[in-house]
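Peer 1: The structure that follows is given in the form of structure tokens.
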Amino acid sequence: MTATAAGHPTVAPVPFDPEVQAVLDELAKNPQPPLTRDTLPRDGVDRMFPDNDAVIAGRDIEWEDRVIPGPPGAPEIEITVFRPADTRDEVLPAFVNIHGGGMIVGHRSWETGRVVDIVDEHRVVAVNVEYRLAPENPYPAGVEDCYAAFVWVHANAAGLGVDPERIVVGGGSAGGGLTAAVALLARDRQGPVMAGQLLLCPMIDNTNTTVASLQYDGIGTWQREMNLLAWSCVLGDDLAFHPDAPAYAAPSRAVDVAGLPPAFIEVGEAEAFRDEDTEYALRIWATGGQAELHVWGGGAHGFDMYMPDAEISRAALAARASWLRRIWRAAR
């Protein structure tokens, strides 16, 4: 097993964008105690952000919470379905969102804003997925929940008013990693074909051995210490940082990345996931696959969520929107 480090950067980091740095400086004024397995938030996390109606804020969007079957032998899955109002008789593209949080924290309500913006801008149906978290539910619980949700959306496309050939799955951080894993599972199980995978700063490499992972040890937003905790919760201490970890947990471990749906891969230049995400795009290209890669200069992990008004955030959102339009148009 490769040794891992914690504490402070052992390699000089790429500087943060000035607008990003300004927000990081403000966050540093109110430091939070480090999370441990015993202090991971569970109660009330769904109430940490505004409710759906507040996020929609008068936009012509309908929503409903539903419960769908989970993987065989597993609990049911909670989802929220968003759609443009008065489109029940139409067939629309779909976006399946998988939330972030290192697979150890988070709730689908945390990303309602991102999901609602996509529904509003692109006139699509969106399904926001809840999945089981580690360490209470280690691998493969989370990824199997997400795969089951994708399969359910495809199988129930007619009832949802969705075109089954125009389903994009996406998410940020852990959600991006889980999306990549769902794409691998769908290929290997000969399951439904997704139109595209939207991988936003995806968490895909459990080994924590890249240069970038050493550059952002103790600085930035999602820091090395949290990443080490997350992988140990998901995979257990024996496999947490091991190169033989399952590819459906850590997609960087996949031996074969051929035959995957078109990918949009976005990452900040100044974050721990930069190298693993860039390498994933290179490997997809080497098979003749499609991967649109954006590395945003000076961007911290999840910069669009922490710094939504920064210039790089506006540019990143525009690039995502362009790719989504092109993917849904091509799949028509």
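Peer 1: Determine the percent antiparallel among the DSSP beta bridges restricted to the chain, to the nearest 5.
Peer 2: Of all bridge pairs located within the chain, approximately 30 percent are antiparallel.
Peer 1: Go through 169-178, 27-36, 13-22 and give me the packing order, highest mean Cβ count within 10 Å leading.
Peer 2: Final packing ranking: 169-178, 13-22, 27-36.
Peer 1: Using the Cα gyration tensor of segment 214-323, with a ≥ b ≥ c the square roots of its eigenvalues, what is the shape: rounded (a/c below 1.5), prolate (a/b larger than b/c) or oblate (neither)?
Peer 2: Judged from the Cα gyration tensor, segment 214-323 comes out oblate (a/c at least 1.5, b/c at or above a/b).
Peer 1: Same structure again: When the chain is fully extended, how far beyond the present Cα-Cα distance does Ser322 get from Asp309, taking 0.36 nm per residue of separation?
Peer 2: Between Ser322 and Asp309, full extension yields 2.8 nm more.
Peer 1: Further, regarding this structure: Over all Cα pairs of segment 111-153, how is the pair count split among 10 Å bins, expressed in % and running from 0 up to the last occupied bin?
Peer 2: 26, 39, 29, 6
Peer 1: At 0.36 nm per residue, and after removing the present C-alpha to C-alpha distance, how many nm does the segment from Leu27 to Ala158 gain when stretched out fully?
Peer 2: Full extension from Leu27 to Ala158 adds 42.6 nm.
Peer 1: What is the list of residues in segment 296-316 whose amide nitrogen lies under 12 Å from a point 7 angstrom out from the Cα of Val45, following Cα to Cβ?
Peer 2: Nothing falls inside the zone, counting backbone N under 12 Å.
Peer 1: Right, another one. Calculate, in nm to one decimal, what Asp120 and His8 gain on full extension: separation in residues at 0.36 nm each, minus their alpha carbon distance.
Peer 2: So the extension gain works out to 36.2 nm.
Peer 1: Sort segment 19-135 into rounded, prolate or oblate with this rule: let a ≥ b ≥ c be the square roots of the eigenvalues of the Cα gyration tensor; rounded if a/c is under 1.5, and if a/c is not under 1.5, prolate when a/b is larger than b/c, oblate otherwise.
Peer 2: Oblate, because a/c is 1.5 or more while a/b does not exceed b/c.
Peer 1: What are the ³J(HN,Hα) couplings of segment 210-219, residue after residue, when phi is run through the Karplus curve with 6.51, -1.76, 1.60 and θ = phi - 60°? Round to Hz, x for glycine and proline.
Peer 2: Taking θ as phi minus 60°, the curve returns 6, 4, 4, 5, 8, 6, 10, 8, x, 10 Hz for segment 210-219.
Peer 1: Among the trypsin sites (Lys or Arg not before Pro) in segment 59-161, which ones are in a DSSP loop with at most 10 other Cβ atoms within 10 Å of the Cβ? Mind listing them?
Peer 2: In loop regions of segment 59-161 (DSSP not H, G, I, E or B), the sparsely surrounded trypsin sites (Lys or Arg not before Pro) are Arg88.
Peer 1: Between segment 51-123 and segment 214-259, what's the alpha-carbon centroid distance in Å?
Peer 2: 27 Å
Peer 1: Considering the chain, what Rg and Dmax in Å follow from its alpha-carbon atoms?
Peer 2: Rg, Dmax (Cα atoms, Å): 18.6, 57.
Peer 1: At a probe radius of 1.4 Å, what is the per-residue accessible area of Glu78, in Å² to the nearest 10?
Peer 2: 90 Å²
Peer 1: Mean separation of Cα pairs under 8 Å and 6+ residues apart, divided by the residue count of the chain: what relative contact order is that in percent?
Peer 2: Relative CO of the chain lands at 19 percent.
Peer 1: Can I ask one more? For Pro71, what charge total do you get from the other residues with a beta carbon under 15 Å from its beta carbon, if Lys and Arg give +1 and Asp and Glu give -1?
Peer 2: Once positives and negatives cancel, what remains is -3.
Peer 1: Can you list the residues, at least 5 places off or on another chain, whose amide H is less than 5 Å from the amide H of Gly268, using H built in the peptide plane?
Peer 2: The answer is Trp296, Gly302.
The values are calculated or read from the model by the stated rules, or taken from the named source; none is laboratory data. Keep in mind that what you see is a predicted model, and the values were worked out from it rather than measured. No Cβ is skipped: glycine too gets one built from the backbone with ideal geometry, and neighbour counts run over all protein chains shown. Surface accessibility is based on the protein's heavy atoms, side chains included, excluding ligands, DNA and RNA. Shrake-Rupley method; radii C 1.70, N 1.55, O 1.52, S 1.80 Å.
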